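Below you'll find the structure, written out as structure tokens, and then a few comments.
Throughout, read-outs are computed from the coordinates displayed, never taken from laboratory work. On a predicted model such as this, the values are computed, not experimentally measured, just so you know. Cβ placement follows ideal geometry from the backbone for every residue including glycine, while neighbour counts extend to all protein chains displayed.
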Amino acid sequence: MNADAQREAVYGAPPEMLAVRDDLTPMLSQYTDLCETHDDALVLFQVGDFYEAFCGAAETVARTCEVTLTKREDSTGTWPMAGIPIDNAAGYLERLLDAGYRVALADQVEDASEASGLVDRAVTQLITPGTVVDEELLEAGRATYLGAVAREGDTYGLAVVDVSTGECLVTGADRALALEELERLAPAELVVGPDCDLPSLSFAPMETPFDPDAFDAETARETLSAYAPRPDAVVESTAELRAVGALLAYAEYAQGDSRLEYVSRVTRFDPREFLQLDATAMRSLELFDSRGVSGGNTLYAVLDETACALGRRRLEAWLRRPLVDADAIDARLDAVGALADDALSRADLRDALSSVYDLERLVARIARERASARDLRSLQTTLDRIPEIRETLADVESGLLSDLRDSLDELEDVRDHIDRAIVADPPQEITEGGVIAAGYDDELDDLRGTAEDGREWVSKLEAREQERTGIDSLEVGYNQVHGYYIEVTNPNLDRVPDDYVRRQTLKNSERFYTPELKEREDEILRAADRADSLEYELFCNVRADVATESERIQAVADALADLDVLRTLADVAVANDYVRPEFHDGDASDSAFDAGIEIEAGRHPVVERAQDEFVPNPTSLPPGGVALITGPNMSGKSTYMRQVALVCILAQMGSFVPADAARLPIIDRVFTRVGASDDIAGGQSTFMREMSELTEILHNATDDSLVLLDEVGRGTSTTDGLAIARAATEFVHDEVGATTLFATHYHDLTDTADEREGVFNLHFTATQTDGDVTFLHSVAEGPSSSSYGVEVAHLAGVPSTVVERARTLVEAGERDTATDEQDATTDETATVADEASNAKTGQSAQDGPTDTEDGTLAAYVDGLENGHRPDDEDATDSAEAHATREVADQLREADLVETTPLEALNLLSELKRRLE
Ligand code: ADP
Ligand code: MG
């Protein structure tokens, strides 16, 4: 049974209950009704202190939450039942969400003690991956988006809302760009509109079916109008309108609200206004998750010195979406620079920001009427820090920082109101009193006074009664059930006065009350009760008042978030010795894009932190230049390419960069393609995928793009792979004009540099020290020696006979290739291009020419097959011919793509042994 079918089985009313529907007990009949009206979720049904599920759903709950499966028996049958404690529900709900279930909480909506007969229940909340708002289920530093996709013709609309903060974004684009954006936002849950055919997505959101009518343009406009006075001013296409309308409708439905108060504004953005990083690039550059070269660390982890959750989420947003507007980037860099120069302000800011609460989520809770008195106090203590933060910024010279300073509204009115209304250290519960401060409300003060006087009277009662009765052991006490009492031990019972009324008999004593005590007690209870409900009412009013200021608070949260990121970037720059990047100045006449990437002593920001020593490397890439990077495995090619991209990304997000100096163009997109054998991350690293990603790049890159190709062509045979690599290089250079770094194991590719201006070679080498191979990790001009594998083997201490033999073989191979190439130079390019395009359309190259004029080893094999060994022309005896054939077979079977240089050498030495 697949996952969907499994879910179906626990959604809706249990068939076995429906079969006896008319006979069910009132409670179970209520359960089946709720299951039917909420048949898109697993219904958890409150019974006292537990949420219960029955029948199929019970089995699922028991299995997923690891709770006991029990039974409920009544006259109509025996029903499997499983429950989770309400007090402790968060952890269990999380498990259900993780297992892919939507959950509907059916709560008792009337007090069980007041209900006559069956307690009324209703679904109060739908809990889904995109709509969870419980603190415990949310990751503090991450945005959890609920998303919707809609389509109108060729335009796709995409909208997301973070229900915990109210951030709502909408965008629209063609299908490819919209999908990329979707991957970037990676909503936890996705509502998909009619006719949107989505491919499988890399982040596997929960796909939620929802009323298609909600996607209707008119309906959507209606929904949106509750959030934006002029809906059509917010969106730019019908697709966007449909998406955001349906999204909000679904969020309202899930939260059981008619309008989501915490969504203060809906913001449209255009992905083209940012440096575009698709999911593949973010993954292979290890911005957020790491499975490759960075040794478990990510760029985000290096940068995350944020002091508060607001900053943490904002940092993530900036890193996902670096800028392309030079002025905006410079404004950020100015701010980072100013803070980097001012250690004192930086430290003060950090200190102040570290006591800032998550205002965005606080505001959302306040607007949603879920905030406690503690939340309001948290808001107030955060606001308390604002004057100090403004003070810190007073002397820092940066336009952006002074703008931020100006938007830091101290919200004195809100602050003071909370301060006056709420006690200093309020309880978590808001219904049981002790929340509202003294002096805030006269009536409350009176009620409290009355209760207090009564308690005072009671507290003196003991001494008075002891004196009146002469019973020294007489005690006055209180218990929940019986209220106040006077307790007299059995030996003293004869001295009890007449006005004592017996209340309770214990083993060694009797408890009494007096009419006056009873009266006082009623008075105290009445006043206290009344005070509690008045307090609750007052609290709700304060909360509602604060909620009307949501937008102002939101603006402060916004500014604090930016501020925290800017100071974080300054901290990181100072701690790690980053420099301010420069951008080629975009005069009106010459475009900002028209000079290349110049980096002095660049470093990989993540790798340099993960190891003791890091070798800085320079980069000088003219616009549209293609650098072919060769060198042995582990010599530093991948690290080098990524560091160039990371420097560009950091710079455009407004960060300083790990280098001695950097002069950069503004790039519009970063593309990466990591060849199959290097792509540990994907899991589905098939050749097809490699090619479709290459297609993406070739179609979408512009001359302002930066392209990284790492070992492209590994997923197929050497011949095809080389052909594709060569064709792709030529295309990127001739047609696309993107600035490109291409790490390749195809040494044969390096001669492209001779044929094309703008294509050049770089290489990495290794040396030997004290008998160990050392990779210098230092980039140098020109191609690496073709036999670097053999050199490394030599360095690694492979016996010299083997190394020598290997050298001979390589040279022989090169001679052969040289001869082949002389015949084939003119039409080789054509052949190669044909094969590449065949591969791209998914056809095999079988109908083309067979691959003979190719890699050195293949040529060597051909030689062997014909009975020739390059270094032994007259080998004719039959035993040797047999051995030769065997060797040829074995060579043919060897998967060179998957073979490391060392394994290749082992193979060679084995083959050589056979021949001898
Ligand atoms: P390649 O792609 O050539 O196989 P990598 O780039 O994956 O090599 O680098 C292999 C390892 O070498 C990295 O994990 C890192 O530990 C180390 N390394 C790479 N570049 C440097 C450098 N510039 N300085 C120091 N160590 C480096
Ligand atoms: Mg590599």
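Things to note:
- For the stretch 477-518: rounded, prolate or oblate by the Cα gyration tensor [a/c cutoff 1.5]: oblate
- Counted by neighbouring Cβ atoms within 10 Å, the residues 79, 457, 318 run from fewest to most as 457, 79, 318.
- Scanning residues 5 or more positions from residue 759 or on other chains, those with amide H under 5 Å from its amide H are 626, with H placed 1.01 Å from N in the peptide plane.
- Shape of the stretch 341-429 from the C-alpha gyration tensor: prolate (a/c of 1.5 or more and a/b above b/c, with a ≥ b ≥ c the square roots of its eigenvalues).
- On the beta carbon distance between residue 916 and residue 785, with R0 = 41 Å, the FRET formula returns roughly 0.90.
- Amide H partners (placed H, <5 Å) of residue 674, local residues excluded: 710
- In Hz, Karplus ³J(HN,Hα) per residue of the stretch 739-747 (6.51, -1.76, 1.60; θ = phi - 60°; x = Gly, Pro): 6, 9, 10, 10, 8, 9, 8, 7, 4
- At R0 = 60 Å, FRET efficiency that the Cβ-Cβ distance of residue 481 and residue 384 yields, to 0.05: 0.85
- ³J(HN,Hα), Karplus 6.51/-1.76/1.60, whole Hz, each residue of the stretch 456-463, x for Gly, Pro: 4, 4, 4, 5, 8, 4, 4, 4
- Rounded to the nearest 20 debye, dipole of the stretch 120-271 from Cβ charges on Lys, Arg, Asp, Glu: 220
- Sorted on the mean count of surrounding Cβ atoms within 10 Å across their residues, most packed first, peptides 603-609, 22-28 read 603-609, 22-28.
- Each label was represented as a point 7 Å from its Cα along the Cα-to-Cβ direction; for residue 233 and residue 71 these points are 6.6 nm apart.
- The slack between residue 443 and residue 689, meaning 0.36 nm per residue of separation minus the straight C-alpha distance, is 81.3 nm.
- Net charge of Cβ neighbours under 9 Å - reference residue 619; Lys, Arg +1; Asp, Glu -1: -2
- Take 653-666, 36-49, 442-455 and order them by the average number of nearby Cβ atoms within 10 Å per residue, most first; the result is 653-666, 36-49, 442-455.
- The stretch 401-508: C-alpha gyration tensor shape, a/c 1.5 cut-off, then a/b vs b/c: prolate
- Site pair residue 424 and residue 492 shows an inter-label distance of 3.9 nm when each label is modelled 7 Å from Cα along Cα→Cβ.
- Candidate lysines - alpha carbon under 17 Å from residue 637, same-chain residues fewer than 8 apart omitted: none
- In nm, spacing of pseudo-spin labels at residue 735 and residue 39 (7 Å Cα→C-beta vector): 5.2
- Proximal charge balance of residue 426 [Cβ under 14 Å; K/R count +1, D/E count -1]: -3
- Of all lysines in the structure, the ones whose alpha carbon falls short of 21 Å from that of residue 460, not counting any fewer than 8 places away in one chain, are 518.
- Annotation: peptides 741-747, 461-467, 503-509, 99-105, ranked by per-residue average of other Cβ atoms within 10 Å with the highest first, follow the order 741-747, 99-105, 461-467, 503-509.
- Distant-in-sequence amide H partners of residue 278 (H built 1.01 Å from N, under 5 Å): 670
- Taking the stretch 337-405 and dividing mean pair separation by its residue count, relative contact order in percent (alpha carbons under 8 Å, at least six apart): 40
- For the stretch 322-441, averaging the sequence separation of C-alpha pairs within contact (under 8 Å, six or more residues apart) and dividing by the residue count gives a relative contact order of 28 percent.
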